[in-house]
Amino acid sequence: MTITSPIERALTWSTVTGSTAKGVLFGVSALYFTTVVGLSPGTVGAGLTLAGVTGIAAAFGAGHLCDRFGAHRVLIMAIAGHGAALAVYCFARTLIAFLIVACLAAGTQAAQRTAQATLLARHFTGPGRLETRARLRVATNVFVGAGSALAAGALAVGTATAYTTAMLVAAVLVLSSTVPLRALRGLRHDDEPVAAQAAGRPPLRDRRYVAVAGLNAVITMQFGLLTVGMPLWVTAHTNAPAPTVALLLVLNTILVTLFQVRAARLVRDVPTAGRVVFRAALLLVLACLLYAAAAQGGAAIAVGVLVLAVLAHTAGEVLSEAGGWELAFELADPRNVGAYQGVSQTGFAIGTALAPAVVTSTVISHGTSGWLLLGVVFLSAGTGTYAVASRSPVSSQHR
């Protein structure tokens with residue numbers, strides 16, 4: 001589909017370079033921290049967890065900054081800050097330096113997500129807004145994969161110089177992703193007078209919105225299930241060969257690329273969003289059951305069941321994302337939409353931060369019973385979202 005909106009065009013090109021950088025980081029950052037900086041894996045994990053907490057606070061605070069200064073300005077500053085943090089990583093050689101830079105990198109990345117969501121909320125409406133958000137997610141998936149392929153070169157060389165060069169390349173790519181956004185300076189911006197913002201309802205007093213954000217945080221843990229739980233489960237608890245993990249992740253990426261926009265077209269209003277999220281939760285429950293069943297057969301059976309699990313998981317993923325976006329956009333008070341998107345992104349950040357601990361303490365520690373428990377958690381969140389959305393007036397009543 002041809003992109004006609006200059007805002008979507010700018011966001012798309014920015015996403016292309018930024019996501020390529022993210023893919024490079026996925027491939028080399030852990031090895032850079034352990035082999036070049038000299039930190040233990042446990043220290044790196046603890047440091048990144050601390051950085052995740054910083055990201056939670058930054059996601060919330062960035063929403064208020066967007067209402068005060070404009071999402072366009074905040075987005076550019078957040079991306080520039082993230083690129084600078086990645087560049088400084090190349091000079092960090094102590095634990096304290098690593099922690100400071102990690103917190104800066106996580107905070108600016110979280111602020112970037114809030115600013116982008118606010119920009120979409122202010123400049124797009126209705127189904128077009130969801131399709132735009134879906135196309136951006138597709139671009140993210142494709143170019144994270146491209147970045148991961150670029151990282152393979154550094155991994156093949158396997159030297160400190162190669163890892164450092166890859167980190168610098170990622171920093172340059174992130175900084176370059178601000179260039180398309182600067183072209184928007186001549187357009188009408190989204191800055192709002194402070195007096196107008198004050199008339200809006202504070203999002204933390206909007207129990208309906210906070211409930212939806214909290215429930216979405218629970219469903220967001222599905223991403224940790226795919227990137228942490230599934231690999232550990234496949235390699236340690238099934239007879240499937242280890243390379244199956246990579247194939248399943250590629251399958252997920254391809255399916256998201258093909259079906260995310262189509263999933264967004266299924267959502268037209270708040271009630272349908274609630275129903276879509278509930279169906280997504282049912283699919284996630286099915287995925288949990290299939291993942292658990294994969295431990296019971298030989299290699300061929302395990303691989304077949306795991307493919308079915310990822311098919312169900314990915315269907316749940318694209319549907320839950322589409323429904324969650326609609327609720328985050330349409331239930332927000334447009335008079336201070338930045339603050340509302342900050343709360344939504346805070347929920348996402350909390351779910352992302354908690355996912356590794358929740359997934360490992362359930363499915364990895366307790367096997368089938370853990371999978372069943374996690375399925376109940378997803379089902380409860382989906383049911384709660386459906387209940388809230390069914391009773392919620394559409395956001396136009398804010399207007």
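Derivation of every value follows stated rules applied to the coordinates shown; laboratory data play no part. These figures come from a predicted structure and were not determined experimentally. A quick note on method: Cβ atoms are made from the backbone with ideal geometry, for glycine too, and the neighbour counts reach across all protein chains shown.
Ordering Ala85, Ala46, Gly63 by Cα displacement along the dipole of segment 8-177 toward the positive end leaves Gly63 in first place; charges were set at the Cβ atoms of Lys, Arg (+1) and Asp, Glu (-1).
You can think of it this way: the chain between Ala46 and Thr94 has 15.8 nm of extra reach, that is 0.36 nm per residue less the Cα-Cα gap.
Among 36-47, 356-367, the peptide with the highest mean count of other Cβ atoms within 10 Å heads the list, and the full ranking is 356-367, 36-47.
Over all Cα atoms in segment 8-177, the spread is summed up by Rg and Dmax: 16.2, 50 Å. Each Lys and Arg contributes +1 and each Asp and Glu -1, all at the Cβ; summed about the Cα centre of the chain, the dipole is approximately 640 debye. Considering only Ala59, Ala146, Ala349, the Gaussian network model of the chain with Cα springs below 10 Å gives its largest mean-square fluctuation to Ala146. The calculated FRET efficiency for the pair Ala236 and Phe26, based on their C-beta separation and a Förster distance of 30 Å, comes to about 0.90. Here the contact order of the chain, divided by its residue count and restricted to Cα pairs under 8 Å and six or more residues apart, works out to 25 percent. Taking Ala84, Ala299, Ala102 as the candidate residues, the one with maximal mean-square fluctuation in a Gaussian network model of the chain, Cα springs under 10 Å, is Ala299. Which parts of segment 352-386 would a label at Thr227 reach, counting a residue when its backbone N lies under 19 Å from a point 7 Å out along Cα-to-Cβ? Backbone N within reach: 352-364.
Between the beta carbons of Arg262 and Ser380, assuming R0 = 30 Å, the FRET efficiency works out to 0.65 to the nearest 0.05. For segment 58-118, the extents of the C-alpha atoms along the principal axes are 37, 17, 15 Å, listed from largest to smallest.
Whole-Hz Karplus values for segment 333-345 come out as 6, x, 6, 9, 5, x, 4, 5, 5, x, 5, 4, 5 Hz, taken residue by residue from phi with 6.51 cos²θ - 1.76 cosθ + 1.60 and θ = phi - 60°; glycine and proline positions read x.
Could you give P(r) for the chain, binned at 10 Å from zero, as whole percent values over all Cα-Cα pairs? Binned Cα distances yield the sequence 5, 22, 33, 27, 11, 2, 0. Only Cα pairs under 8 Å and at least 6 apart count here; give the relative contact order of segment 203-398 as a rounded whole percent. It comes to 39 percent, rounded to a whole number.
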